[in-house]
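The values are calculated or read from the model by the stated rules, or taken from the named source; none is laboratory data. Predicted model, so just to flag it, every value in this text is computed and none were measured. A quick note on method: Cβ atoms are made from the backbone with ideal geometry, for glycine too, and the neighbour counts reach across all protein chains shown. What goes into the accessible areas is simple: the full protein's heavy atoms, side chains included, and nothing from ligands, DNA or RNA. Shrake-Rupley method; radii C 1.70, N 1.55, O 1.52, S 1.80 Å.
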Amino acid sequence: MMLCGSRQASFRSTVVCSPFSLARRVLCGIVLTGALACAQETAIDLPKALSIADSDNLELRAARQQRAVTLAGFKIASQFPNPAVSFAAARDLPHESLLWDQPIELGGQRGKRRALSREEQKSTEIDITVLSRQIRQRTREAFFRALLSRAQAEQSKAALDLATRINDVVRQRFEVGDVAELETIQAEVEAARAAAEYAGAVEAQKIADAQLAALLSRPLEGPLNLSGRLQDLPQTQGIQAVTETALRSNADLLRTTQDMVVEERRLSLAKAQRIPNLDLQAGVDLNSPPDFNVGPRGQIAMALPIFYHGQGEVAQSNARLDFLRLALQAQRNNASSQVIAAYYDYVAKSRQATQFGDKVVPQTVKLEQMAEDSYRYGKSNLLTLIDAQRRLNETRKTYLDSLFAVQSSFAALENIVGAPLD
């Protein structure tokens, strides 16, 4: 029963006799799984970056503190006039008097002040929303700039590998006497040039990561774990739908429309303030012998609007309303033209990037490979190969720049529209 000649018995014996090895494997598996899960959680894609910026950006958080200011303004607008209490003592009769003076606002002035304060709160919310959209645009551009810096670093590394491979080929041909030493020097210079560009691309990646980290309120030192590709170009609706969305959500239109509402409330308050306040006074006269010791007293007072009755404030509000109506019409035309320009700019850059990705880059890669094979077999000179290599590098850089231009153009279009488009 316990013989070790059987393979099954040997396997069972190994499992039973090595529990610590099995536990170690299980523990390592759990640790690796947790590490992978943690890495996946910490990877930042575009939606997560936009969400983090919306909640953690310091500039946006500071702007949201303005809500407390507007809430305090509403409390101020809700206040009632304070009464005044006066006490007098005199040698004449009556010797003492006590008076309570209570101003009474007529015409619903308090309610109109509260309505004006509410609309000012909405104006503050619009300003915060506009800033949030600007932060969204800057975060989107910074995110894809960070991806661009990574792609440029990879491209520079590929160019360095290519220059190193060509340098090795030239060195091999020189050692067998096929080429002159001049070509080895040229190849070494080209490899050194590629190495310098790669080093610069690595430093540029650090700068892009720091700019994105600042928008996300993350530590500025160290690389960010990003998830995404420049090649994932955004898609949007047709120009008609985008224009209609802009007329509802454009920042300038929202501000001007809300300014009109605020000014209408201010005009209503100015008209109500033309009604004079009523002062009610009640009190007692004291110590007036031999007539009385305590005698009641009361009076009513009201300002007479003879010389000035608030016509200036009303005229000012009416003039500002006329100005805002004309400004709103002009801003509608401007918003439509800006949307059209930004939309077609985005379409043009998208087509350019697609053309580079589908045709220009593959054909340039093919030309470089043909030039390398031709030089390897002695059918062309080194300058032709270097020229093909540089053309390939420039084409790839232009392609990456065109991809980032599409992302940046989309971010600008989204900011003009005033609403997310993807």
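Loop sites only, by DSSP: take the chymotrypsin sites (Phe, Trp or Tyr not before Pro) in the chain that have at most 13 other C-beta atoms within 10 Å and name the longest stretch containing none of them.
Longest stretch, sites excluded: 1-306.
Expressed in nm to one decimal, what extension gain is obtained for the pair F323 and A158 from 0.36 nm per residue of sequence separation less their Cα-Cα distance?
Taking 0.36 nm per residue and subtracting the Cα distance, the gain is 53.4 nm.
Roughly how many Å² is the accessible area per residue of the stretch 66-189, as a whole number, for a 1.4 Å probe?
55 Å²
If you count, for each residue, the other Cβ atoms within 10 Å and average over each peptide, how do 135-141, 368-374 line up from highest to lowest?
Ranking the peptides 135-141, 368-374 by packing returns 135-141, 368-374.
With a 10 Å cut-off between alpha carbons and a GNM built on the chain, which of Q66, Q273, Q299 moves the most?
Between Q66, Q273, Q299, it is Q299 that shows the largest mean-square fluctuation.
Would you mind working out the magnitude of the charge dipole of the stretch 227-352 relative to its Cα centre, with +1 at each Lys and Arg C-beta and -1 at each Asp and Glu C-beta, to the nearest 20 Debye?
It works out to roughly 580 debye.
Give me the dipole magnitude in Debye, nearest 20, for the chain about the Cα centre, with unit charges on the beta carbon: positive for Lys and Arg, negative for Asp and Glu.
1080 debye
Measure nothing but the geometry: give the 0 to 90° angle between the long axis through the Cα atoms of 361-376 and the longest principal axis through the Cα atoms of the chain, rounded to 10°.
Value to nearest ten degrees: 30.
Heavy atoms only, probe 1.4 Å: what % of the accessible area of the chain goes to carbon and sulfur, would you let me know?
57 percent
What is the distance, in nm, between label points placed 7 Å from the Cα along the Cα-to-Cβ direction at A419 and at N293?
For A419 paired with N293, the spin-label model returns 7.8 nm.
Add -39500 (n - 2.57) for each DSSP H run of 4 or more in the chain, then divide by its residues: what number comes out at 222 nm, to the nearest 500 deg cm²/dmol?
Value at 222 nm, helices only, nearest 500: -25000 deg cm²/dmol.
Mind counting lysine pairs for me in the chain? Cα separation below 17 Å, and the two need to be 8 or more apart along the chain or on different chains.
11
Return a whole-number percent for the relative contact order of the stretch 287-422, with Cα pairs under 8 Å and 6 or more residues apart as the contact set.
Over the stretch 287-422, the number comes to 29 percent.
Can you tell me the dipole magnitude for the stretch 265-422 around its Cα centre, using point charges on the Cβ only (Lys, Arg +1; Asp, Glu -1), in Debye to the nearest 20?
Dipole magnitude for the stretch 265-422 comes out near 520 debye.
How many angstrom lie between the C-alpha centres of the stretch 155-174 and the stretch 85-101?
105 Å
Report the relative contact order of the chain, percent, no decimals, based on alpha-carbon pairs under 8 angstrom and at least 6 residues apart.
The value is 22 percent.
Would you work out the relative contact order for the stretch 77-129, in percent, from Cα pairs under 8 angstrom that are 6 or more residues apart?
It comes to 36 percent, rounded to a whole number.
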